[in-house]
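Notes for the one structure printed next.
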Amino acid sequence: MTDHRRALPSVDRLLRTAAVAAVGADQPRTVLVGAIRRALADAREAPEAAPADDAGWAAAVARALAAATTPTLRRCINATGVVLHTNLGRAPLAEAAARAIAAAATGYSTLEYDVERGRRGSRHVHCADLLADLTGAEDAMVVNNAASALLLTLATAAEGGDVIVSRGELIEIGGGFRIPELMEKSGARLLEIGTTNRTRLSDYERALGGGVSRATAGAGSAGRPAEHGRPRDRIARTTAPPSPTAILKVHRSNFALIGFTEEASLEELVALGRKRKKPVLYDLGGGLMTDLADVGLAGEPTLPAAAQSGATAVIASGDKLLGGPQAGLLIGTAGFIRRCRAHPLARAARADKLTLAGLAATLALYRDPARARREIPVLQMLTARSADIAARARALAAALPAPANAAVTPTRAAVGGGAFPGLELESTGVALAPRSPSPAVLAERLRRRDTPVVAVVGGGKVTLDLRTVLPGEEAEVVRAVAAALG
Ligand SMILES: *Cc1c(COP(=O)(O)O)cnc(C)c1O
């Protein structure tokens, strides 16, 4: 038995080896030393695969250097057919948005500078007018994401009081983000009403009081309000009546509730809120700006419709159906938005200049809805015609090397991002079924590239769905498949 470890060269010896020095010539010495240590550690772990000569060591160090210097966050090709793929960065941006971000990033900007008056301005102006114009809301503000918009809205509206919310809307959005937990962190207390499947307007009316105390509200009535996270007996014993300060409605964006169901409409809640002088907050989620019913995407409320319902505040994401950068859009009445801006949490949740630049440019495209559909990638992908996707799939299949054993195949794409749950988009893919490697290995090789190609493995094949492969990415896909085959 030979001890391979004894045969391993020292770091210094490798640094002095010409072939190793050559692969690290354009790297800082510390980075090269790190890569050499990595290569040595790999050799110690798998002695049977340890390099045998200088050329072998140079190749091993080059691999370690590449791994150490390739950014973990990088562009990739989404061949999954899921348009708003949260793991893949949700919405790819429009050219105009990318240009605006680059311009704001590489120089100084008027982020908080009023050029007309020559003095300090506000970052809140950049998207507010556009959002108000596009949605018909009185005012708007932009924060880091929809979750922080919800936090800020609740903290502003509830002021430590109870927020009424239907049990059917206490949802988890994804990544463990649960509406009830976030609500508690805002300082608001939850006043849950109704049942999982049915919550009526009368449940909201009862929760808003007319002298109903916590104790009597909880006394055996089916629609009794209960405070989240508090034992029922404590609620029963407490004498302080609930003090509802706001009504929250949450759009069930990522699942469908069907069957024996009932809910109060936003319009009904807005009317109730007016009558009882309570703000009505609506977490819309998706952020759809223009109606897409003509392409079969119906049923998702639009931002303008929500804004014009008269709700005090509407919350949406910037990087879902709107197709912009990660952001939280908060649109509503002038008075409420003013209070949100002045809240201490507004500073903690604020959006940065790159977000604001990209979002403003995305919103500007919506001034012409046809242009928005042409230039915003999310809308392009959602409204793409099946026949056009199929034509692209045929062209890709024809361009792939024969051993890929590629076949054009119908697929089911999805909107993703928790929008349009259950809806499938007719799409077309290219299925790869080579003799070797196996589908799992092929998918891994496609993934482990400088520009990863993320595909779907299943049914003994690797499928590339063309709905989410952006125009112009096909050549890179062909290169990736050719390399992965062999
Ligand atoms: C997606 C979603 C959120 C969270 O949005 P982020 O921008 O990811 O923070 C909140 N509420 C609803 C209803 C959603 O669909």
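Considering only the other residues whose Cβ falls under 12 Å of the Cβ of Ala407, what net charge follows from Lys and Arg at +1 and Asp and Glu at -1? It would help to have the intermediate numbers written out before the result.
Numbers: positive: Arg394, Lys461; negative: none.
Net local charge, Ala407 excluded: +2.
Can you compute 3J(HN,Hα) from phi for each residue in segment 140-154, using the Karplus curve 6.51 cos²θ - 1.76 cosθ + 1.60 with θ = phi - 60°, rounded to whole Hz and x for Gly and Pro?
For segment 140-154, the Karplus-derived couplings read 7, 9, 10, 10, 4, 6, 5, 4, 6, 5, 5, 4, 5, 4, 5 Hz, x marking Gly and Pro.
Under the rule of at least 5 residues apart or a separate chain, name every residue whose amide H is placed under 5 Å from the amide H of Gly417.
Counting only residues 5 or more places away or on other chains, the set is Leu84, Thr86.
Any idea of the accessible area per residue across the chain, 1.4 Å probe, to the nearest Å²? Provide the component values of the computation, followed by the final result.
Numbers: 23150 Å² over 486 residues.
Using a 1.4 Å probe on heavy atoms only, each residue of the chain averages 48 Å².
Given the pairs Lys277/Lys320; Lys249/Lys353; Lys249/Lys320, which are separated by over 25 angstrom at their Cα positions? Display every interim value, and only then the final one.
Numbers: Lys277/Lys320 32 Å; Lys249/Lys353 30 Å; Lys249/Lys320 19 Å.
Pairs exceeding 25 Å: Lys277/Lys320; Lys249/Lys353.
How would you order 350-359, 321-330, 39-48 from highest to lowest mean count of nearby Cβ atoms within 10 Å? Please report the intermediate quantities before stating the final value.
Working: 350-359: 21.7, 321-330: 27.7, 39-48: 14.6.
Output ranking for 350-359, 321-330, 39-48: 321-330, 350-359, 39-48.
Which net charge results for the neighbourhood of Gly287, defined as the other residues with beta-carbon distances under 15 angstrom from its beta-carbon, given Lys and Arg at +1 and Asp and Glu at -1?
On the way: positive: Arg90, Lys320; negative: Asp283, Asp291, Glu300, Asp319.
Counting the neighbours of Gly287, the net charge comes to -2.
Hey, if we sort Glu138, Glu169 by accessible area with the 1.4 Å probe, largest down, what's the order? Display every interim value, and only then the final one.
Details: Glu138 125, Glu169 5 Å².
From most accessible down to least: Glu138, Glu169.
Which order do you get for Cys76, Cys340 if you rank them by accessible area with a 1.4 Å probe, largest at the top?
Numbers: Cys76 40, Cys340 0 Å².
Reading off the accessible areas and sorting them downward yields Cys76, Cys340.
Considering every Cα-Cα pair within segment 4-69, what fraction, in whole percent, is farther apart than 19 Å? Please list the in-between numbers first.
Numbers: 399 of 2145 pairs.
In whole percent, the long-distance tail amounts to 19.
With everything on Cα atoms, drop me the angle between helix 474-485 and the longest principal axis of the chain, reported from 0 to 90° to the nearest 10.
Taking the Cα atoms of the chain, the angle to 474-485 is about 50 degrees.
What are the residues whose amide H is under 5 Å from the amide H of Ile171, where those residues sit 5 or more places off or on another chain and H is modelled from the backbone?
Placed amide hydrogens put Ile179 under 5 Å from Ile171.
Relative contact order (percent) for segment 4-69, with alpha-carbon contacts under 8 angstrom and 6 or more residues of separation? Display every interim value, and only then the final one.
Numbers: 55 pairs, mean separation 27.3, N = 66.
Here the relative contact order equals 41 percent.
Thr261 accessible area, nearest 10 Å², 1.4 Å probe?
Accessible area, nearest 10 Å²: 50 Å².
Heavy atoms of the protein only, probe of 1.4 Å, neighbouring chains included. What is the accessible area of Asp12 in Å², nearest 10?
Counting only protein heavy atoms, Asp12 exposes about 90 Å² to solvent.
So, R0 is 25 Å and r is the distance between the beta-carbons of Val457 and Glu426; what FRET efficiency does that work out to, to 0.05?
Numbers: r = 21 Å, r/R0 = 0.85.
Taking R0 as 25 Å, the efficiency between Val457 and Glu426 is 0.70.
Tell me what the chain gives for mean residue ellipticity at 222 nm when only DSSP H runs of n ≥ 4 count, each as -39,500 (n - 2.57), the sum divided by the residue total, rounded to 500 deg cm²/dmol.
On the way: 22 runs with 201 residues, N = 486.
After summing the helix terms and dividing by residue count, I get -11500 deg cm²/dmol.
At 0.36 nm per residue, minus the direct Cα-Cα distance, what do Asp294 and Thr70 gain on full extension? Give it in nm, one decimal, please. Before the final figure, lay out the partial values.
Working: separation 224, 0.36 × 224 = 80.64 nm, distance 4.30 nm.
Separation in residues times 0.36 nm, less the Cα-Cα distance, equals 76.3 nm.
Assuming R0 = 45 Å, can you tell me the calculated FRET efficiency for the pair Ala440 and Arg385, based on Cβ-Cβ distance, to the nearest 0.05? Before the final figure, lay out the partial values.
On the way: r = 33 Å, r/R0 = 0.74.
After rounding to 0.05, the efficiency reads 0.85.
Around Thr333, under 15 Å between beta carbons, what's the net of Lys plus Arg minus Asp minus Glu among the other residues? Write down the numbers at each step before the final one.
Working: positive: Arg274, Lys277, Lys278, Arg338, Arg339, Arg341; negative: Glu138, Asp139.
That works out to +4.
Quick one: length gained pulling Arg338 to Ala52 fully straight, 0.36 nm per residue minus the C-alpha distance?
The span from Arg338 to Ala52 would gain 96.0 nm if fully extended.
The values are calculated or read from the model by the stated rules, or taken from the named source; none is laboratory data. This one's a predicted model, so the numbers in the text were calculated from it and none came from an experiment. Glycine gets a Cβ as well: all are built from the backbone with ideal geometry, and neighbour counts include every protein chain shown. Surface areas here come from the heavy atoms of the whole protein model, side chains and all, with no ligands, DNA or RNA. Shrake-Rupley method; radii C 1.70, N 1.55, O 1.52, S 1.80 Å.
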